[in-house]
Amino acid sequence: MIKNDAVPKREEIDGQYKWNLEAIYADNKLWEKDFNKVKKMLPELEQFRGKLQESAKNLLKCLKTRDKISELTSKLYVYAYMKSHEDTKNTTYQALTDRVTSLTVQLDTAASYITPEILTIPEETLSAYLSKEKDLKVYRFLIQEILRQKEYVLSPREEELIARMGEIAHNPETVYSMLTNADLKFPYIKDAEGKEVELSEERYAKFIRSEDRRVRKDAFQGLFTTYQGMNNTIGATFSGSVKRDTFYAQVKNYQSALQAALEPDNIPLEVYDNVVDTINNNLAPLHRYMALKKKVLGVEALHMYDLYVPLVAEVQKDVPYDEAQKIVLEGLKPLGKEYQNLLKQGFTEGWIDVYENQGKRKGAYSWGAYGTYPYVLLNYNNTLNDAFTLAHEMGHSLHTYYSHQNQPYVYSAYTIFLAEVASTTNEALLMDYLLKKTTDKKEKLYLLNLYLEQIRTTVYRQTMFAEFEKIVHGKAEAGEALTPDLLSAIWHDLNVKYYGPEMIVDSELDIEWARIPHFYSAFYVYKYVTGYAAATSLSQQILKEKKAAREKYLNFLAQGSSKYSIDILQEAGVDMTTPQPLEDTIRVFEEKLAEMEKLFAE
């Protein structure tokens, strides 16, 4: 029997709120046709093995062949996975994802000799190739990057063995995703009206912001006790993921898994350490914010389930999806008419999968392949936070759109270091618009609270995640076993440090590390912090300098990975090699906190 207000099935969602994946493949038969095409194309790479030193033409043909196969494989991969994300219990698309994952491993294996073989070519010969063969010049930066990372490239045979392990290495994340998206079942709880509703990850996000403290506590306990019941299983998958990171770092001659994650983007280790150190040195403003939260909520003890509730509850209201689109369009006007038109195109042409349904992948993301729409997955739940998520993900999508339109396939994907800049710039511009628009004290307080929450969750919280990753990987590299008890103890201590003396870190929260999917992409989350800091700077420049800054920003969006990430940001007007952008962001936090304290005192 279906209980009240159950999560809807996929077929119950109106088609206008679903993405148009048929624009990639009208049906699975066409997907199969391209899948078989790639299988037949893979042996073409073998004809160049051992022959890259012979001529510039051989090198060019090899790279172009690899790109052609990779581009088509990417399209297959994106379609299969996004179809599976519509309903993670759908075995048809589980099978397609398994097959295309295997196919990508086959491609990586077939192409694994290319980089080691390029490194056997004398640099003066490579230089001559680039001068002689006009069409090879597009690969100049790629070749430069290969030479820079020469010490971390193994022999062709060793690289092939590592490539063949790709499918196995992906397994911890696959198991975790299936467990948490498809198999994990949460209890029913009573909402503020006393109606029984099924708890889910997406609904938790709304319940934990409820004005009713009982609802918050019930949702908090329901969610985390469910995860606690799977702590050994999830602990094993996470430990396997960390061991994978450590293994790859060691065999590729990196000093650590952290260096292995940063080196491909040419990011110095000091940048990561600077993020953790700078935030650790500036925890006082967060502690001050917790003290204000405790005072305004009027609670004797501040618990972790009080962390997300807005301090101005009266202003909470539903924001329907159609209204969110209008808000986002208005807020992003400083980016110009061209950007506005692209937003409208995304809203109306099937880029976005809007609402939650049974089995749908949780969270939100932007994703696409070269030549497809830059799609967006949402689990929209009619909150202002969801409107910000829409702006955030469309920031990713238009970054992808500009990069794909302006770069060849080889440089079309921007680095993860840059990935959060465009999305967070959108959020910053939207917040500025909403704060300037309101004349209502309560609404302004609500928005200031939201602004502080954005910085708390994106800068402070993600830095805590980054510190957790560094500690955990360090222990694994030292040979220490990553038991669930150890992971929970580390998580507990970090929360105590970050949130300070006013916060009671409830024991249920100790398992929270088990619900963070980003931990399966090692050392990713610190880029949210650097991205937010860069976005804060860029948004201020756009608002102050208008046209000149906007043109630099749109040029930034068009760069893809054609240059080093640090250099692309510097050209846009932000120097991430210094702590300045992060320190400026903390100052913004303190300014908004002071403004909020003053309004509450009036």
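Some observations on this one:
- Against the chain, whose longest principal axis comes from its Cα atoms, helix 461-477 is set at around 50 degrees.
- Whole-Å distance, taken between Cα centres, linking the stretch 129-203 and the stretch 427-450: 36
- Efficiency of FRET between Leu142 and Lys40 - r from beta-carbon atoms, R0 25 angstrom, step 0.05: 0.45
- Across the cross-link table entries Lys333/Lys444; Lys37/Lys61; Lys295/Lys333; Lys294/Lys436; Lys61/Lys252; Lys68/Lys470, which are compared at the Cα atoms, the separations over 30 Å belong to Lys295/Lys333; Lys68/Lys470.
- Each residue, Asp183 and Lys295, gets one label point 7 Å from its Cα in the Cβ direction; the gap between the two is 4.9 nm.
- In plain terms, the residue of Ser102, Ser177 with the fewest other Cβ atoms within 10 Å comes first and the most crowded comes last, giving Ser102, Ser177.
- For the pair Phe247 and Lys326 in one chain, pulling the backbone fully straight at 0.36 nm per residue adds 23.6 nm over the alpha carbon distance.
- Test item: Cα-centred dipole of the chain, Lys/Arg +1 and Asp/Glu -1 on Cβ, debye: 1140
- Rounded to the nearest 20 debye, the dipole size of the stretch 10-169 about its Cα centre is 540 debye, using +1 on the Cβ of Lys and Arg and -1 on the Cβ of Asp and Glu.
- Restraint check, Lys293/Lys475; Lys18/Lys40; Lys150/Lys552; Lys83/Lys185; Lys29/Lys362; Lys51/Lys243, Cα-Cα greater than 30 Å: Lys293/Lys475; Lys18/Lys40; Lys150/Lys552; Lys51/Lys243
- Cross-link pairs beyond the 32 Å C-alpha cut-off, checked among Lys89/Lys190; Lys206/Lys326; Lys64/Lys344: Lys64/Lys344
- Whether the stretch 468-602 is rounded, prolate or oblate, judged on the alpha carbon gyration tensor where a/c under 1.5 counts as rounded: oblate
- Among Thr458, Leu398, Tyr339 the positive-end extreme of the charge dipole of the stretch 338-462 (Cβ point charges): Thr458
- Projecting the Cα atoms of Ala111, Phe220, Asn231 onto the charge dipole of the chain (Cβ charges, centred on the Cα centre) puts Ala111 farthest toward the positive pole.
- Coarse-grained scattering of the stretch 186-229 at q = 0.28 Å⁻¹, given as base-10 log I(q)/I(0) from a Debye sum over alpha-carbon atoms: -0.99
- Over the chain, dividing the summed -39,500 (n - 2.57) contributions of all DSSP H runs of at least 4 residues by the number of residues returns a 222 nm mean residue ellipticity of -19500 deg cm²/dmol.
- Stretching the chain fully between Lys317 and Asp5 yields a gain of 110.4 nm (0.36 nm per residue, less the alpha carbon separation).
- Spin-label pair Asp14/Ser507, simplified geometry with 7 Å Cα→Cβ offset, distance in nm: 4.8
- Positive dipole terminus of the chain, leading residue within Gln559, Gly531, Leu599 (C-beta point charges): Gln559
- Among Tyr365, Tyr564, Tyr532, the order by Cβ neighbours within 10 angstrom, fewest to most, reads Tyr365, Tyr564, Tyr532.
- 14 Å reach of a label modelled at Leu599, 7 Å along Cα-to-Cβ, counting backbone N of the stretch 429-468: 431-454
- Taking 0.36 nm per residue of separation and subtracting the Cα-Cα distance, full extension of the segment from Gln340 to Glu211 would add 42.9 nm.
- Spatial separation of Cα centroids for the stretch 1-76 and the stretch 273-335, in angstrom: 39
- This model, with +1 at the C-beta of Lys and Arg and -1 at the C-beta of Asp and Glu, gives the stretch 186-229 a dipole about its Cα centre of some 200 debye.
Each reported figure results from applying straightforward, stated rules to the coordinates on display, with no laboratory input. Everything numeric here is computed off the predicted structure, so don't read it as measured data. Every residue, glycine among them, receives a Cβ derived from its backbone with ideal geometry; neighbour counts consider all protein chains shown.
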